[in-house]
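A.B. asks: Handing you a structure now.
The values are calculated or read from the model by the stated rules, or taken from the named source; none is laboratory data. Owing to the predicted nature of the structure, the values given are computational and were not obtained by experimental measurement. We place every Cβ from the backbone using ideal geometry, glycine too, and count neighbours over all the protein chains shown.
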Amino acid sequence: MSDTLPALGIQRVKVIALAVRSLERANRFYEDMLGLARAFEGAEHVGWQLDEIVLMLKPDWETPTATPNPRITLASVDAMATQAALRARGIEVADEVQAYGDFLIGSFLDSEGNKLWFCSPASG
C-alpha cells in the first residue's frame, strides 16, 4: 500500500441487502423459518441480525436472483447439520453440501428465490 494514501478503515461487513418481491413473506421466512432475531435502527425494524451483520430486505430493488453479486455466505457450526435442519423446516436446499478445500459449503433458497450459501470448517 502506498504511504501517501490514507487508510480506508474498513473493518467488516455491516449490512447485506437482498431484493425481495414480497417484504411480508420474506420477513416471515427469515423470522419463522430461519429463526433470526430482528435488527433495529433505533425503534425501526430494519432487517435481521446475523451476529454483527444486518440482513436488510429491499422490496423496491431489482428482481431477486439465484446468483447474486456479491455472493452471500453464512457461517455455520456444522454445514451438514444446517442442511438437515433447513430440510426439516421445509426450506429448499439448492446446492448439496460439498467439500471445498477445508470447508463444507451448501446453499438454500429464501422465500423470494435468493440463493444464500452456508459453510463450516470440514472436520477431520
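A.B. asks: Filter region 55-67 for residues that are part of a strand (DSSP E or B) and more than 25 Å from residue 82 (Cα to Cα) and give the result.
C.D. replies: So in region 55-67, the residues part of a strand (DSSP E or B) come out as 55-58.
Once the filter is applied, which keeps residues that are part of a strand (DSSP E or B) and more than 25 Å from residue 82 (Cα to Cα), region 55-67 yields only 58.
A.B. asks: Can you tell me which of 107, 111 is modelled with pLDDT of 90 or more, within 13 Å of the chain's Cα centre (by Cα), part of a loop (DSSP other than H, G, I, E, B) and at negative phi?
C.D. replies: None of the other options fit; the residue is 111.
A.B. asks: Out of curiosity, is residue 51 at pLDDT 95 or above and either exposed (fewer than 13 other Cβ atoms within 10 Å of the Cβ) or closer than 17 Å to residue 92 by Cβ (or both)? Before you say what the answer is, go through the steps one by one.
C.D. replies: Numbers: at pLDDT 95 or above: no; either exposed (fewer than 13 other Cβ atoms within 10 Å of the Cβ) or closer than 17 Å to residue 92 by Cβ (or both): yes.
Judged against the criteria, residue 51 is not a match.
A.B. asks: Would you pick out the residues in region 4-38 that are among the charged types (D, E, K, R) and free of Cβ contacts under 8 Å to residues at least 40 places away in the same chain?
C.D. replies: Step one: list which residues in region 4-38 are among the charged types (D, E, K, R), which gives 12, 14, 21, 24-25, 28, 31-32, 38.
Of everything in region 4-38, those that are among the charged types (D, E, K, R) and free of Cβ contacts under 8 Å to residues at least 40 places away in the same chain turn out to be 24, 31, 32, 38.
A.B. asks: Can you work out which of the residues in region 1-54 that are assigned to a helix (DSSP H, G or I) and of a type in the set (D, E, K, R) is nearest to residue 65 (Cα to Cα)?
C.D. replies: Step one: list which residues in region 1-54 are assigned to a helix (DSSP H, G or I), which gives 23-33.
Subset that is of a type in the set (D, E, K, R): 24-25, 28, 31-32.
Values: 24: 18, 25: 16, 28: 19, 31: 21, 32: 22 Å.
Ranking the candidates gives 25 first.
A.B. asks: While we're looking at this one, here's another question. May I ask you to verify whether residue 71 is outside any helix (DSSP H, G or I), exposed (fewer than 12 other Cβ atoms within 10 Å of the Cβ), within 13 Å of the chain's Cα centre (by Cα) and not hydroxyl-bearing (Ser, Thr, Tyr)?
C.D. replies: So residue 71 fits the description; yes.
A.B. asks: Looking only at region 8-30, which residues are in contact with a Ser or Thr (Cβ under 7 Å, 6 or more places away or on another chain) and aliphatic (A, V, I, L, M)?
C.D. replies: 19, 26
A.B. asks: Identify, please: which residue in region 78-101 is in contact with a Ser or Thr (Cβ under 6 Å, 6 or more places away or on another chain) and assigned to a strand (DSSP E or B) and is, among those, farthest from residue 33 (Cα to Cα)?
C.D. replies: For region 78-101, the residue satisfying everything is 95.
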